[in-house]
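Presented below is the structure to which this report refers.
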Amino acid sequence: MLGLSGVFGLNGALGSGAMYGAGAMHAWGSVSGFAGWLEATPASTSIKSVSWVIPFVQSIHILMIGVVFISCLMIALRVLGVMRTDEPVEGVWRRFAPWMWSGLVVMAATGMTLVVGEPEREFGTVSFWLKMALVAIGVTGTALYGRSLKSAAAGAPAVFPVSAKAASVLIVILWLAVIFLGRAIAYDKQVWGALSPHA
Ligand code: HEM
């Protein structure tokens, strides 16, 4: 079977293992090798050895989905002229963006804990890697979106141009896709069929 790094064409990019410790460099031949190395680390075994840690961390992760997604939705609905149209968009951004960014920080921390706890479960799925790519695009896109809103609003337009509305819809769809992929990690084979390394 084509190794995970082969599937993602990562061999070349990950070839230069000079930056990793001796253990990681030895196992870094493929991402699945790295997952096996990470799975055997004291950090991973201690996360797994306490039965409530993973369900507890996953619960915080799930809670934060609401904080991140609803904060983003509130901003998008303002730009789309659906809600809070009597409030300047900077005020709506100032109100909800801190929740969104701090929620994302908590999600990164809880997500990384889940990754360290169960690396083979996560790295061995298409959903996880697609999700991580979309999270990176989502964070960059949302930051740029916020910046463009503030500069657009500086001229205090009551109604936003189509481009800003289209960007609002795209940002919401993107975070919905991240949510779907997060849940799809547990159903990778069912969702991706032969594409899934678990197939
Ligand atoms: C920032 C980095 C993030 C990392 C490293 C991460 C990592 C993870 C991991 C490892 C899981 C467990 C999957 C499993 O084993 O079944 C998970 C679940 C999930 N994640 Fe994330 N995640 C991140 C951000 C996000 C964001 C931003 C969202 C949505 C806004 C999200 C939504 C979800 C969902 C819906 C689940 C499924 C929870 C469940 O029902 O079990 N994640 N995430």
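The values are calculated or read from the model by the stated rules, or taken from the named source; none is laboratory data. Remember, it's a predicted structure, so these values are computed and weren't measured experimentally. Every residue, glycine among them, receives a Cβ derived from its backbone with ideal geometry; neighbour counts consider all protein chains shown. Areas reflect the complete protein model, heavy atoms only, side chains present, ligands, DNA and RNA absent. Shrake-Rupley method; radii C 1.70, N 1.55, O 1.52, S 1.80 Å.
Applying the criterion of being near the ligand (Cβ under 9 Å from one of its atoms) and either at positive phi or of a type in the set (A, V, I, L, M) (or both) to the residues of the stretch 178-198, the residue that is nearest to the chain's Cα centre (by Cα) is 178.
Is it the case, given these coordinates, that residue 85 is open to solvent by less than 30 Å² (accessible area, probe 1.4 Å) and not aliphatic (A, V, I, L, M)?
Details: open to solvent by less than 30 Å² (accessible area, probe 1.4 Å): no; not aliphatic (A, V, I, L, M): yes.
No, not satisfied.
Does residue 155 meet the test of being within 16 Å of the ligand (Cβ to nearest atom), modelled with pLDDT under 95 and not polar (S, T, N, Q)?
Working: within 16 Å of the ligand (Cβ to nearest atom): no; modelled with pLDDT under 95: yes; not polar (S, T, N, Q): yes.
So residue 155 fails the test.
Filtering the stretch 158-177 to residues that are over 16 Å from residue 61 (Cβ atoms) and within 16 Å of the ligand (Cβ to nearest atom) leaves 170, 171, 172, 173, 174, 176, 177. A Cβ distance below 8 Å, combined with a sequence gap of six or more or placement on separate chains, defines the contacts here; from the stretch 164-176, residues that are without any contact (Cβ under 8 Å) to a residue 60 or more places away in the chain and open to solvent by 50 Å² or more (accessible area, probe 1.4 Å) reach residues that are assigned to a helix (DSSP H, G or I) and within 16 Å of the ligand (Cβ to nearest atom) in the pairs 170/141. Does residue 140 count as open to solvent by 60 Å² or more (accessible area, probe 1.4 Å) and in a helix (DSSP H, G or I)? So residue 140 fits the description; yes.
Any residue in the stretch 118-126 that is on the phi < 0 side of the Ramachandran plot and free of Cβ contacts under 8 Å to residues at least 24 places away in the same chain? No, every residue in the stretch 118-126 fails to be on the phi < 0 side of the Ramachandran plot and free of Cβ contacts under 8 Å to residues at least 24 places away in the same chain.
Criterion applied to 125, 85, 113 was being hydroxyl-bearing (Ser, Thr, Tyr), over 29 Å from residue 30 (Cβ atoms) and touching a helix residue (DSSP H, G or I) at 6+ places or on another chain (Cβ under 8 Å), and the one residue passing it is 85. Can residue 115 be described as of a type in the set (A, V, I, L, M), within 26 Å of residue 199 (Cβ to Cβ) and either open to solvent by less than 70 Å² (accessible area, probe 1.4 Å) or modelled with pLDDT under 95 (or both)? It is true that residue 115 is of a type in the set (A, V, I, L, M), within 26 Å of residue 199 (Cβ to Cβ) and either open to solvent by less than 70 Å² (accessible area, probe 1.4 Å) or modelled with pLDDT under 95 (or both).
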